Amino acid sequence: MPSDHPGNLRELDLEQHLSDPARRQSFVTPMFDLIAPRYDRFTRCFSFGMDRRWKESLVTAAARSITSGGVVCDVATGTGDLAFALSAARPDLTVSATDVSSQMLALAHNRRQSLASAVAVAAADIGTLPFPDGALDGVTAGYALRNTPDWRHSIAELARVIGTGGHLFTLDFFLPESEMWRAAFLAWLSAAGNVVGWLWHREPVAYGYIAHSIRHFTTARHFAMVLGTCGFDVVQQQTHLGGGIALHHAVRR
């Protein structure tokens, strides 16, 4: 679906697409194509600069943990924040960056050229990654699993491609445990996202989508439990904003 048709997202029923795994990607991909040029600016501004610190924390943990000369994929890479930072911190690693959004990939390719980076940038879906079983020593995923058609299936796919002892690092929005804070958190995300989406793209849902996607996701604690059932041992969980943001570090059993 082309990204240069501003009416496309408004013509789609958001709740129907988010609740149906078979239809979710037909909303998510054009949305990310639309917001790609301003995505990095949005994540920095919308988080009041905290996004940068969260990603630095993830990259530091990954750089400290992944085996020497390891093979790593940054899934749903966007413009490549995590992939390029990890490659710079650990030049010995073979790092690839994948995404399904053509516009995000175009920006990641441009970034790769400007940085003269060795990161390989390619199109790939988290649900069907182009790696043999156990081929990866690590995976990084920033704001990724929440946006997949079926996040449990995507975790199972990551478990398939990560070898025994390999590492998974994720950063994402989650449902806060507190019902009161959850309601306030989602209300703020929805209102602020709608305003920015309208001002920047004339598409309120472009960023208002975040709150809707979180409602269809899970808590950080339950996410960790599912990681466990899919063959991972969670070794660290860091929560921020009252559980609205969490970083997970898990090791493949």
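On average, how much area does the Cα convex hull of the stretch 35-252 cover when viewed from any direction, in nm²?
Working: hull surface 43.2 nm².
That works out to 10.8 nm².
Looking at the stretch 1-146, the pairs of alpha carbons with a distance over 28 Å make up 20% of the total. Once you reduce the stretch 97-157 and the stretch 182-253 to the center of their Cα atoms, the two points are 18 Å from each other. For the stretch 134-245, the Kirkwood radius over C-alpha pairs fed into Stokes-Einstein at 37 °C and 0.692 mPa s yields D = 218 µm² per second. Between ARG41, ARG90, ARG146, the residue with the greatest mean-square fluctuation in the GNM of the chain (Cα pairs under 10 Å linked by springs) is ARG41.
Put in line by how crowded their Cβ is, counting other Cβ atoms within 10 Å and starting with the fewest, PHE48, PHE185, PHE42 read PHE48, PHE42, PHE185.
Each 5 Å bin from zero holds the following percent of Cα-Cα pairs in the stretch 94-141: 5, 19, 30, 24, 14, 7, 1. Residue separation of ALA88 and THR67 scaled by 0.36 nm, minus their Cα-Cα distance, works out to 6.0 nm of gained length. Sorting SER117, SER87, SER57 from the fewest to the most surrounding beta carbons within 10 angstrom yields SER57, SER117, SER87. Of the residues GLU56, GLU179, the one with the fewest other Cβ atoms within 10 Å heads the list, and the complete ranking is GLU179, GLU56. When each of the peptides 150-157, 64-71 is scored by the mean number of other C-beta atoms lying within 10 Å of its residues, the order from highest to lowest reads 150-157, 64-71.
For the stretch 74-216, the relative contact order comes to 19 percent (Cα pairs under 8 Å, sequence separation of at least 6).
Please find, in a Gaussian network model of the chain (springs between Cα atoms separated by less than 10 Å), the residue of ALA88, ALA211, ALA159 whose mean-square fluctuation is greatest. Ranking ALA88, ALA211, ALA159 by mean-square fluctuation puts ALA88 first. Approximating the spin labels as points 7 Å out from Cα along Cα→Cβ, the ALA116-to-SER47 distance works out to 3.0 nm. Mean separation of Cα pairs under 8 Å and 6+ residues apart, divided by the residue count of the stretch 146-246: what relative contact order is that in percent? For the stretch 146-246, the relative contact order is 35 percent.
Summing -39500 (n - 2.57) over the DSSP H runs of n ≥ 4 in the chain and dividing by its residue number, what mean residue ellipticity at 222 nm do you reach, to the nearest 500 deg cm²/dmol? It would help to have the intermediate numbers written out before the result.
On the way: 10 runs with 123 residues, N = 253.
Here the helix-only value at 222 nm equals -15000 deg cm²/dmol.
Largest GNM mean-square fluctuation across ALA76, ALA97, ALA123, computed for the chain with C-alpha springs under 10 Å, falls on ALA123.
Where a number appears in this text, it was derived from the coordinates with a stated rule and is not lab data. Every value quoted in this text rests on a predicted model; they were computed, and no experiment measured them. No Cβ is skipped: glycine too gets one built from the backbone with ideal geometry, and neighbour counts run over all protein chains shown.
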